[in-house]
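The structure appears right after this line, and notes come after that.
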Amino acid sequence: MKATLFRGEDVNHETFDRVHQLLQAIAGMNVFVGQGEPLPLPDKPILAWKDLFEICQSARENIAIESDTFIFVITEKPNERNFFGYLDPVNPRNGFVHAGDWERFIHCPAELPVAYHILALMLQHQMVQSERELAHILHKEPVGCVNDFCQNKREVILKMRTADICPNCMELLAKKLSPPEMNHVFELLESLRIKMLFAQNMRQHIEPSPLVVTSEYNLVIPAYGNLEIRMTPLEKTLYLLYMRYPEGIHLTSLVEYKTELQDIYANISSLGSLEEMRQSIDDMCNALNNSASEKLSKIKGHFERVLGKELAKHYYIHGSRGERKRIGQ
Ligand SMILES: [Zn+2]
């Protein structure tokens, strides 16, 4: 399956990028393209479905998107029937997903349920020929399946926590999708499920698992659904240096690693001038200012926010004052 994602002008590009990244977290058969330019929305407090589907259709025509590619517009504005998302009955490759109000139903960042519903709608389309058939396969009583209808919107938490597809729906799906396509969708759903568990603090019993650096220098933990730990280029530069030296480095000795830090930074960031880069690295290596220890506490914060205090201890850079600092406890 292929999908092109658009954001309405009311959705900021950070949220949009995070949705797109979630759907690209695992490489596979299904392709998700993100269109950065926002689409204008009607100036109404509540959007009509017809308008949303028309917006998709004109975007499809404007940039010549193939007819077998899904188009989703993501908007925070409420829609007329207050749905999480829906596909156009006339052209079910056009659809919308709602990115607003999620905090009322589920305690996690909006990008997780938005990415989930994009996948759910794409799957739904494979299972039915018409809107009428859809009414038959949707589960009025939630069973923890992508096709749970969730009349009461709070019920959405069940299907996201299970990230599962019930045997009946699975049978329908297997007729339309190839095994690699299905596996990829399952892996993506599972990665969203794990990320939601982290976001909801249900991570006490999770064992630490290796963190890897991708070819784009992203820090991800594959076993946690490719969970990414984001940090600024300078923080990441320092972290990558510590990854290279598991035995640890004194903060006061950082100056001995200056060239190595510059090399790492040059690899991971194309931002700023060479001069600025040198200055930032000089500051970080200067034992007389706080730059490096500030970065260490920022790095600790990034891990704690994503993994929780206990699990984060295995990943951030530790060490008492005057001691060698190193990654992990
Ligand atoms: Zn089902």
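Data for the structure
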{"item": "Within segment 3-98, GluC sites (Glu not before Pro) in DSSP loop having at most 14 other beta-carbon neighbours inside 10 Å", "result": "E9, E66, E80"}
{"item": "Lys/Arg +1, Asp/Glu -1 at C-beta; the chain dipole; positive extreme among F149, T69, M1", "result": "F149"}
{"item": "The chain, relative contact order in percent, only Cα pairs under 8 angstrom and at least six apart counted", "result": "12 percent"}
{"item": "Two-decimal log10 I(q)/I(0) for segment 103-143, as the Debye equation yields it once each C-alpha is a single scatterer, q = 0.14, 0.15, 0.16, 0.17 Å⁻¹", "result": "-0.43, -0.48, -0.54, -0.60"}
{"item": "Total charge dipole magnitude, segment 247-296, about the Cα centre, Cβ charges on Lys, Arg, Asp, Glu only, Debye to nearest 20", "result": "60 debye"}
{"item": "Calculated log₁₀ intensity ratio I(q)/I(0) where the Debye formula runs over C-alpha points of segment 99-193, q = 0.12, 0.18, 0.20, 0.23 Å⁻¹", "result": "-0.35, -0.81, -0.99, -1.28"}
{"item": "Calculated log₁₀ intensity ratio I(q)/I(0) where the Debye formula runs over C-alpha points of the chain, q = 0.07, 0.12, 0.14 Å⁻¹", "result": "-0.35, -0.89, -1.08"}
{"item": "Point-to-point label distance, E310-D10, nm (Cα→Cβ direction, 7 Å offset)", "result": "4.0 nm"}
{"item": "On Cα atoms only, tilt of 233-244 relative to the major axis of the chain in degrees", "result": "70 degrees"}
{"item": "Cys residues of the chain counted as unpaired, since no other Cys beta-carbon is under 4.7 Å", "result": "C56, C108, C150, C169, C285"}
{"item": "Antiparallel bridge percentage (DSSP; both residues within the chain; nearest 5)", "result": "35 percent"}
{"item": "Within segment 207-284, GluC sites (Glu not before Pro) in DSSP loop having at most 13 other beta-carbon neighbours inside 10 Å", "result": "E216, E247"}
{"item": "Fraction of alpha-carbon pairs over 12 Å apart in segment 64-106 - percent", "result": "62 percent"}
{"item": "All-pairs alpha carbon distance profile, segment 124-268, 5 Å steps from 0, percent", "result": "2, 8, 13, 14, 13, 11, 10, 8, 6, 6, 5, 3, 1, 0"}
{"item": "Within straight-line cross-link reach of K313, aspartates and glutamates at Cα separation under 20 Å, skipping those fewer than 8 residues along the same chain", "result": "E207, E228, E235, E247, E294, E304, E323"}
{"item": "Cut-off 11 Å (backbone N to label point 7 Å along Cα→Cβ of E294), residues of segment 304-329", "result": "none"}
{"item": "Trypsin sites (Lys or Arg not before Pro) within segment 245-329, DSSP loop, no more than 10 other Cβ atoms inside 10 Å", "result": "R321"}
{"item": "Degrees, to the nearest 10: 167-176 long Cα axis against longest axis of the chain", "result": "90 degrees"}
{"item": "Two-decimal Rg to Rh for segment 215-327 - Kirkwood Rh, Cα set", "result": "0.95"}
{"item": "Built amide H within the under 5 Å cut-off of V31, gap 5+", "result": "K2, A3"}
{"item": "Filter on K44/K176; K195/K295; K77/K140 - keep pairs with C-alpha separation over 30 Å", "result": "K44/K176"}
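Quick note: the coordinates plus some simple rules give every number you see, no bench work behind them. Because the structure is predicted, anything quoted here is derived from the model rather than measured. With ideal geometry, Cβ positions are generated from the backbone for all residues, glycine too; neighbour counts draw on all protein chains shown.
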